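Engineer: Before anything else, here's the structure in question.
The values are calculated or read from the model by the stated rules, or taken from the named source; none is laboratory data. Computed from a predicted model, the values in this text were never measured in an experiment. All Cβ positions, even for glycine, are placed from backbone atoms using ideal geometry, and neighbour counts span all protein chains on display. We work out accessible area using only protein heavy atoms, side chains counted, and drop any ligands, DNA or RNA first. Shrake-Rupley method; radii C 1.70, N 1.55, O 1.52, S 1.80 Å.
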Amino acid sequence: VFTAPTDRFVPPVELSDHRGTHMALTETRPEQAVIDPTAERPPQTAIERVLGSGDHKTIGRVFIGASLLFLAVDLVVAALSNLDTATGDLFDADLAVRFGLNHPLSLLFGGALPLLLGLAIYVVPLQVGSPTVAFPRAAAMSLWGWLFGVVLFSVAFAADGAYGGSDLDLARLGHVSVGLMAVALLVGTMCVMVTVVSHRVAGMTLSRVPFFAYSMLVAGTVWMLTLPALLANLTIWHIRHPGAADLAGEGYASFGWIFHQPASFMIAIPVLGILADVASAASGSRQVMYGSIQAMIGFFGLLSFGAWAQVEASRETLVWAISGVLFAVPVLAVLGGSVDTLRRGKVAVSGGLIAAFASAMLLLLASLSAAVAALNTATSTSLFALDAGSFAETTPGLSVGQFYLLIAVAATGGLAGLFHWGDRIVAGGMPGGAGKAIAPIALVGGGLFGIGQVVIGIAGPDESGVKLLGTVSAVGAVLLGLAALVAFAAFVGARLGGRGAAEDDGPGELGGTLEWATASPPPAGNFETIPGPVESAYPLFDEREKGAR
Amino acid sequence: MSIIPASVPAPVLPRRRQLLFGTMFVSAAVAMFEFSLVASYLAERAGSAMSGSPRTPFR
């Protein structure tokens, strides 16, 4: 062993032996350095367990909790922005523009999409009978990448940056962080999609996949084909080295299509799956038109692909108008199918069930507003004196209200899923009373949030009318934010407190899909024994019926 | 501080072509991204040509 003379300094050279342990050339190998593989590792702290986890349940829980919190904050920002539009003197002009431009982005990427994705990362592996999500490390990367993006965006926004900010570096930081959030969410989406395609138990063909998992496959396909187009817009405007004003003007307008129909409807696809699954579990009965409902979810996904409609001219074409009119068809089909399922069994009313139908009602409203916008293009000139409105120009109107309605759909649908699968997600389940209280608040809040702006677009009121309706939107945003905040508190309280046995959530005993075949909360690996092979879309109902014979 | 990953459940099921499907989905997203980049460039170029601007966009 070479030993350096002690009278002069020799920088140590780092070497690595075959076990990956490091030693310096100037040191002799200590005898004690041999690692005993049988030695017990020190216990992990709670933070270490969360940070280092590749367990889809941990990742899903953090996604759900964080997105609920951000959603509540974003809705307050949206309320302030609407209040400023209504009164015109709440903020100075620059700050008003900054609020107006950034709140839809944070609602979409900080609240609505991650809430549904987090729910999917948690629930989908359970539904398809898998012990894990596909590529668990990528799913963890998705979570932390998204969280980092949200923090960067928030910092940029708060420090006079992001869109409309005057600090160029921070404006560009906000711009890049939107891209980071989108990429992170795409990675998580890919994991969920591969789970549905590759991790299903024996016998579970695609036609037997539970509705929520199936809707995530459809939604993921649409997101995978839409968000990269948004990323291309962001990239183009990043490499152009624009000034802060250009970024807030032309740069923002280049991806403004994401807030317009049909692309904006892509966030509502999983809600149809949640509704169909909740209806079946709440009534303990099968969806008899399984294939038709799946086809309708797929049709809704097809309609909501909107990367082709990026420029104003494309939103006046026949294809655009037809897609706008047709949105209501799959929504009504899934809603009707779910009501029919409820009719076939004994209904256990829960917060999840109420919220699921509330989100469907909001989606129906959004679909009707899409039909109105589509009909407006029926003649060579506009059919009605319709004011579409635009986030890019911070003007109120129909498109703005429709986007708000869709955010409310995703938020209420996410709450429905959280309360419905509550006892799968936290031991003992979410408090049933909170769910029943939150669902109507979310319905009223979400409805007011969107309808205020929709009415401004359709009726074209005078100044006092705009003031009143803008205030209505702001009140709606606050109510929806309150629902998200209460759900967050209930979620954290249930997670930390552990409520013991579930109060009154019947669906846990009634659901027919595989997520109900495991413990609450599921153990590591999700199932004691791998379920299957399954013989229908409702293997637990099959078991029950076999037992009854 | 060493962060030891929490227990990730060992794979039990055969993961049917997991890597193939993952690659397929990511490739579709990347293709869409590149297609959109080219489309944006062509739209900008057409806009420049229409306005009679002598310079190529993005320079």
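Engineer: Checking an interface number: how much accessible area is buried between A and B, summed over both chains, with a 1.4 Å probe, in Å² rounded to 100? Intermediate results must be reported in sequence, preceding the final value.
Structural biologist: Working: alone 22040 and 5770 Å², together 24800 Å².
That pair hides around 3000 Å² of surface in total.
Engineer: Taking Cα centroids, how far is segment A:247-297 from segment A:101-116 in Å?
Structural biologist: 15
Engineer: Under 5 Å between amide hydrogens, which residues at least 5 positions from A:THR395 or on another chain qualify, with H placed 1.01 Å from N in the peptide plane?
Structural biologist: Those qualifying (amide H under 5 Å, at least 5 residues apart or on another chain) are A:SER390.
Engineer: If you don't mind, another one. List the residues of segment A:197-219 whose backbone N lies under 15 Å from a point placed 7 Å from the Cα of B:LEU20 along the Cα-to-Cβ direction.
Structural biologist: From segment A:197-219, the list is A:197-200.
Engineer: Of the heavy-atom accessible surface of chain A (probe 1.4 angstrom), what whole percent is carbon and sulfur? Please report the intermediate quantities before stating the final value.
Structural biologist: Values: 13490 of 20580 Å².
With neighbouring chains kept in place, the figure for chain A is 66 percent.
Engineer: Residues of segment A:227-267 with backbone nitrogen within less than 13 Å of a virtual label 7 Å along the Cα-to-Cβ line of B:SER48, please, listed as ranges.
Structural biologist: Inside the label zone: A:240.
Engineer: Amide H to amide H, which residues 5 or more places from A:VAL133 or on other chains are under 5 Å from it, using H placed in the peptide plane?
Structural biologist: Residues meeting the criterion, in which the H sits 1.01 Å from N, are A:HIS56.
Engineer: Hey, another quick one. What ³J(HN,Hα) values, in whole Hz, does the Karplus curve 6.51 cos²θ - 1.76 cosθ + 1.60 give for segment A:264-280 when θ = phi - 60°, with x put for Gly and Pro?
Structural biologist: So the J values, rounded to whole Hz, are 5, 6, 5, 6, 8, 4, x, 5, 5, x, 4, 4, 5, 5, 5, 4, 5.
Engineer: When a/c reaches 1.5 or more, the comparison of a/b and b/c decides; with that in mind, is the protein assembly as shown rounded, prolate or oblate per its Cα gyration tensor? Intermediate values should be presented prior to the final figure.
Structural biologist: Values: a/c = 1.74, a/b = 1.14, b/c = 1.52.
Since a/c reaches 1.5 but b/c is at least a/b, the shape of the protein assembly as shown is classed as oblate.
Engineer: Roughly how far apart, in whole Å, are the Cα centres of segment A:398-457 and segment A:166-228?
Structural biologist: 21
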